[in-house]
Amino acid sequence: MANNLAVLRALDTAHTQWYHFNAIVIAGMGFFTDAYDLFCITAITKLLGRLYYNDGNGAPGKLPPRVNNAITGMALIGTLMGQLVFGYLGDKLGRKRVYGLTLILMATCAICSGLSFGSTAKSVVTTLCFFRFWLGFGIGGDYPLSATIMSEYANKKTRGSFIAAVFAMQGVGIIFAGLVSMTLSRLFLWWYQHDPLDKPPTFIAQPEADFLWRIVLMLGALPALLTFYWRMKMPETGRYTALVEGNAKKAAIDMGQVLDIELEEEQEKVAQFKAANEYKIFSSAFWDKHGRHLIGTMSTWFLLDIAFYSQNLTQKDMFPAMGLIRPAPRMTALEEVFLTSRAMLLVALLGTFPGYWFTVFLIEKLGRFKIQLIGFFMMSVFMFAVALKYKELKDPNNHEGWLFAILYGMTFFFANFGPNSTTFVLPAELFPTRVRSTCHALSAAAGKAGALVGAFGVQSFTLDQNTTKIRGALFFMAFTNMLGFCCTFLVTETKGLSLEEIS
């Protein structure tokens, strides 16, 4: 019946036009901010250790493992909570009504994260963790809302590419996290290059370095603030207005303005469809039709994020093995930030970023299912290869650091030309309009639960540079990817079908 509604027929068959790209940019800038805020912390955690945890023993200061895990993990806990809350509200109150709130929360908490009141280690870390939790809460809301809005705006021929393009802005955010940290640390090095404090035997980082990490965090507020006005101008999606609110007139007017055509109201058809689709997410009707799909999207996202976030959060600990940065005692605090950021940028440019855009361009040709299978399998292969030969690859006498970097970079490539993109796309397509945002939120929250396994579990094995522990972590991630490969068979292909045909 839904396919007979003029407003949905118009959305499904609309030619690609300016409003599609406008929606990609508006929704995508949220993901740019998300990635910048979540991953810029990788570049500065070692600086925080030098600044606040130097015990004067003649070695560079280091964050205790529990503190390091708390700083990186609190944002992920907040993201998980935000996904569940905003995902539910997106179905209950409407996508647009809560969409701007996520940006306000992200911008405010990014600024407050950089302020992190106090000068002692305890006060700085406590306030930083507090504000990064709420920053994550706002970021969490962006996942289900952006994916759902883009899927409900798009036409059926290019819907997968458009949703993947929104998510690909995460790759741009990761690049900017490295680029901003690298540029600012280079400027600070130029301004404060002769400070004798950051040399043996004390290794106390120069006081000016305290401003660096604060500025890096606070700049995360800019893209959110710049996007807020345009996000507020977007109309509610026609699918939500028609199929959930049952307001045919408003749906026809809103989507008519977006598509620049005149649409028929069809209030009677809308009322019939709304009445036939009143079932809730915990009803037997939902689980009979979509239970397997929900288990599939939740399990694959959970297993992916164990490896994906472990990779991103622990890459700073892998860089010495790749020969991309020097051992900590041979560089100053600012040099460590500069070289870590440069290595982050290199891995993102060569591995992470291309993977996202391969998905954008090929998802409508290969399909979601095939890309996800290929990605999980290849990630597992490359991680297993790195784990198997880790000791030899990290040996500086073998001069194979670049081979390590290539193999490790390929795991990032196939994460993004693979399940990191498709696990975001599929939950936005597989489920009915009434519960689409909630189902996407549940899937994404399962992913963040996997990310927490990475942040609090896997990351602990890489902090002290122990070869045996790092190999164990890599073997574990290869295993979770193969489980993800198996769980992919719980979902189904959605290429070329309208949202109503799928659900």
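The values are calculated or read from the model by the stated rules, or taken from the named source; none is laboratory data. Worth saying up front: this structure is predicted, and the values here are computed from it rather than measured. Please note: Cβ atoms are built from the backbone with ideal geometry, for glycine as well, and neighbour counts cover all protein chains shown. Just the protein is used for accessible areas: all its heavy atoms, side chains included, with ligands, DNA and RNA removed. Shrake-Rupley method; radii C 1.70, N 1.55, O 1.52, S 1.80 Å.
Assorted remarks:
- Filter pass, Val166 being of a type in the set (A, V, I, L, M, F, W, C), assigned to a helix (DSSP H, G or I), open to solvent by less than 40 Å² (accessible area, probe 1.4 Å) and over 30 Å from Lys495 (Cα atoms): no
Conditions (1) in a helix (DSSP H, G or I); (2) open to solvent by 10 Å² or more (accessible area, probe 1.4 Å); (3) among the polar types (S, T, N, Q); (4) free of Cβ contacts under 8 Å to residues at least 12 places away in the same chain, marked per residue:
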| residue | (1), (2), (3), (4) |
| --- | --- |
| Phe431 | no, no, no, no |
| Cys439 | yes, no, no, no |
| Ala449 | yes, yes, no, no |
| Val453 | yes, yes, no, no |
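- Complete set of residues in region 330-357 that are more than 17 Å from the chain's Cα centre (by Cα) and either hydrophobic (A, V, I, L, M, F, W, C) or at pLDDT 95 or above (or both): Met331, Ala333, Leu334, Val337, Phe338, Leu339, Ala343, Leu346, Leu350
- Region 110-126, subset more than 14 Å from Gly30 (Cβ to Cβ) and open to solvent by less than 40 Å² (accessible area, probe 1.4 Å), residue modelled with the lowest pLDDT: Ser116
Yes or no, residue by residue, for (1) charged (D, E, K, R); (2) under 30 Å from Leu48 (Cα atoms); (3) at pLDDT 85 or above:
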{"residue": "Met218", "(1), (2), (3)": "no, yes, yes"}
{"residue": "Leu259", "(1), (2), (3)": "no, no, no"}
{"residue": "Gln267", "(1), (2), (3)": "no, no, no"}
{"residue": "Val270", "(1), (2), (3)": "no, no, no"}
{"residue": "Lys274", "(1), (2), (3)": "yes, no, no"}
{"residue": "Glu278", "(1), (2), (3)": "yes, no, no"}
{"residue": "Gly291", "(1), (2), (3)": "no, no, yes"}
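- Taking residues in region 233-248 that are closer than 17 Å to Pro432 by Cβ and of a type in the set (S, T, N, Q), and partners anywhere that are outside any helix (DSSP H, G or I) and open to solvent by less than 20 Å² (accessible area, probe 1.4 Å), the pairs with Cβ atoms closer than 9 Å and at least 6 places apart or on different chains are Thr237/Gly94; Thr241/Gly94.
- Hits in region 366-391 (condition: modelled with pLDDT of 95 or more and of a type in the set (Lys, Arg)): Arg368, Lys370
- Residue in region 37-51 that is among the acidic types (Asp, Glu) and open to solvent by 10 Å² or more (accessible area, probe 1.4 Å) present: no
- Note on region 484-501: residues that are surrounded by fewer than 16 Cβ atoms within 10 Å (Cβ to Cβ) and in a helix (DSSP H, G or I) total 3.
- Contact annotation: residue pairs with Cβ atoms under 6 Å, 6 or more positions apart or on different chains, pairing a residue in region 386-397 that is closer than 15 Å to Phe475 by Cβ and among the aromatic types (Phe, Trp, Tyr) with a partner that is open to solvent by 10 Å² or more (accessible area, probe 1.4 Å) and at pLDDT 75 or above, are Tyr390/Arg471.
- Selection within region 114-141 - under 23 Å from Leu84 (Cα atoms) and small (Gly, Ala, Ser): Gly136, Gly138, Gly140, Gly141
- Of all residues assigned to region 74-97, none qualifies as being aromatic (Phe, Trp, Tyr) and in a loop (DSSP other than H, G, I, E, B).
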